[in-house]
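Read the structure below first, then the notes.
The values are calculated or read from the model by the stated rules, or taken from the named source; none is laboratory data. Computed from a prediction, not measured in an experiment: that's the story for all the values here. Cβ placement follows ideal geometry from the backbone for every residue including glycine, while neighbour counts extend to all protein chains displayed.
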Amino acid sequence: MIAIIDCGVGNLFSVKNAFDYLAIESVITNDPAIIKRAERIILPGVGAFSKGMELLKQSGLQEVILDQVKTKPLLGICLGMQFLFDSSTEFGISKGLGLIPGVVKEIPTDLKLPHMGYNQLLLQVKHPLLNNIQEQDNVYFVHSYMAFTDPKYVLAYCDYDCQIPAIVYHGKNVYGTQFHPEKSGETGLTLLKNFVEIKGEVL
């Protein structure tokens, strides 16, 4: 069973609809007991980093996530991916979950922000999360901030006047997509299916 965490900032039902389409059991929840019973965790998010992290802390879900990711895979989506990093500069400095080293900052471009719409994936390494996903497959983005991190944590980039980490990871339990897989057609569904099949590790 997949726990889709409801911390008040996620596009939850479209994520659940994607898993329903794949015939994979999932539940939208903010109940720590249900999250602890789940085999995997999805952390969706839209909106501002500081507000989202505040809600995670107030709800007690931050501690639950940090505990559970020691034994099971976690996938952050969009803002949820940004939460995985050390901090963000959006509306001042805010601390993240610290699961991947790096800082979230505004995309350094003169192009229109937010970066919105379909863009191509530029794959960097082979990984089970990328099974049956092809170089230059299109996925759907909506964001104005990006992660600045070591390339060793990046599975794929996209190009928007600069290289933006599109898929990130750390170890076998921590994953994130800057794009919305639930809005990215067959490529997004393939990634979600791959995530469900990934074998995590006990840290």
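Worth pointing out:
- Flag for Thr109 being crowded, with 18+ Cβ neighbours inside 10 Å and either closer than 25 Å to Ser88 by Cα or among the aromatic types (Phe, Trp, Tyr) (or both): no
- Some residue of segment 68-75 being basic (Lys, Arg) and either crowded, with 24+ Cβ neighbours inside 10 Å or touching a Leu at 6+ places or on another chain (Cβ under 8 Å) (or both): yes
- When Leu97, Leu130, Leu122, Leu111 are checked against the criterion of being modelled with pLDDT of 95 or more, more than 30 Å from Gly60 (Cα to Cα), in contact with a helix residue (DSSP H, G or I) (Cβ under 9 Å, 6 or more places away or on another chain) and of a type outside the set (Asp, Glu), a single residue qualifies: Leu130.
- When residues in segment 1-18 are screened for being touching a Lys or Arg at 6+ places or on another chain (Cβ under 9 Å) and either part of a strand (DSSP E or B) or among the polar types (S, T, N, Q) (or both), 5 of them pass.
- Selection of first residues in segment 27-53 that are closer than 22 Å to Lys199 by Cα and of second residues that are hydroxyl-bearing (Ser, Thr, Tyr) and modelled with pLDDT of 95 or more, restricted to Cβ pairs under 8 Å at least 6 apart or on distinct chains, gives the following pairs, ordered by first then second residue: Ile35/Thr29; Ile42/Ser26.
- Residues that are out of contact with any helix residue (DSSP H, G or I) (no Cβ under 8 Å at 6 or more places or on another chain) and not β-branched (Val, Ile, Thr) within segment 81-94 comprise Met81, Leu84, Phe85, Asp86, Ser87, listed in sequence order.
- For segment 19-34, the set of residues classified as part of a loop (DSSP other than H, G, I, E, B) and either of a type in the set (Gly, Ala, Ser) or within 14 Å of Thr190 (Cα to Cα) (or both) consists of Leu22, Ala23, Ile24, listed by residue number.
- Failed item, numbered, when Leu191 is tested on (1) in contact with a helix residue (DSSP H, G or I) (Cβ under 6 Å, 6 or more places away or on another chain); (2) not in a helix (DSSP H, G or I): (2)
- Considering Leu56, Leu75, the condition of being in a helix (DSSP H, G or I) and closer than 20 Å to Ala147 by Cα is satisfied by Leu56 alone.
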